[in-house]
1. Would the stretch 51-72 turn up any residue that is in a helix (DSSP H, G or I), among the small types (Gly, Ala, Ser) and over 17 Å from Phe13 (Cβ atoms)?
2. Go through the stretch 45-56 and report how many residues are out of contact with any Ser or Thr (no Cβ under 7 Å at 6 or more places or on another chain) and either basic (Lys, Arg) or in contact (Cβ under 8 Å) with a residue 12 or more places away in the chain (or both).
3. Can you tell me which residues in the stretch 17-44 are out of contact with any helix residue (DSSP H, G or I) (no Cβ under 8 Å at 6 or more places or on another chain), in contact (Cβ under 8 Å) with a residue 40 or more places away in the chain and surrounded by 10 or more Cβ atoms within 10 Å (Cβ to Cβ)?
Amino acid sequence: MNRIFQDNIQYSFECRNVIDSLSNKYNAFDIIRILGITYDNAIEESLELGDEARIDTMVYRENGELEIEIKNRCRI
């Protein structure tokens, strides 16, 4: 997230539910690693877009499952 601020990329973050724990079937380290790689990819593409760059993140639970959605604008 610090890189998003440093590079002045527009962003939004929404968390619809309180996420106070993870199911035993999730490994917190794996989730953090996946999020880091995903954000790195989104930031890399955003740097190519300049002022048009934007990254949107939404975190929620649906049917008892943790859902994390990360979207970024990209070149066509």
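Quick note: the coordinates plus some simple rules give every number you see, no bench work behind them. As the structure is a prediction and not an experimental result, all values here were calculated from the model. All Cβ positions, glycine included, derive from the backbone under ideal geometry; neighbour counts span all protein chains shown.
1. First pass over the stretch 51-72, keeping only residues in a helix (DSSP H, G or I): 51-52.
So of that shortlist, the ones also among the small types (Gly, Ala, Ser) come out as none.
Within the stretch 51-72, not a single residue is in a helix (DSSP H, G or I), among the small types (Gly, Ala, Ser) and over 17 Å from Phe13 (Cβ atoms).
2. Of all residues in the stretch 45-56, those out of contact with any Ser or Thr (no Cβ under 7 Å at 6 or more places or on another chain) come to 45-52, 54.
In the following step, the residues that additionally are either basic (Lys, Arg) or in contact (Cβ under 8 Å) with a residue 12 or more places away in the chain (or both) were identified as 45-49, 52, 54.
So the answer is 7.
3. Asn17, Ile19, Tyr26
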